[in-house]
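Structure, as structure tokens:
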Amino acid sequence: TAKSRMRREWPLSLRTLTTCSGDRKTRFGYQKSAIARNPKDELSCRELAFAYLTLKSYKEATQQYQSCLALLDDSDGARAEKSELAMNLSAAYERMGDTQNRDVWVKKARDWAPKGSALYKSFHPNEQ
């Protein structure tokens, strides 16, 4: 699973990045170097994108999220990941004041959300 993969391959989670004491730039540099070592690792890509979002580097977050999306195929599992990434991408556009792109990515998130997923249920609250 993604969580077990994260524990095995990714020693520095975003929670650690944003909550541990020390120099934030140093921790962020570690995150960037991890993706540089393995640019096709979707989990590292996603963590870096979320780090940009957390650090309010919205333009970089949008670029990184789009790079992450390019790593995913169209399988059911990847569609769940894509829907979550698209929601975060829409949030970055929202914070930049770009409502047109926000709306585009919310629609993609809705379209990609697998039936029964938490995101699908948030878009379809009246379905059982």
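For the listed residue pairs Lys40/Lys115; Lys40/Lys82; Lys32/Lys59, the alpha carbons are over 19 angstrom apart in Lys40/Lys115. Please list, or write none, the aspartates and glutamates whose alpha carbon is within less than 20 Å of the alpha carbon of Lys56, excluding same-chain residues fewer than 8 places away. The qualifying aspartates and glutamates are Asp23, Glu47, Glu84, Glu94, Asp98, Asp103.
Read-outs: derived from the displayed coordinates by stated rules, not from any lab. As the structure is a prediction and not an experimental result, all values here were calculated from the model.
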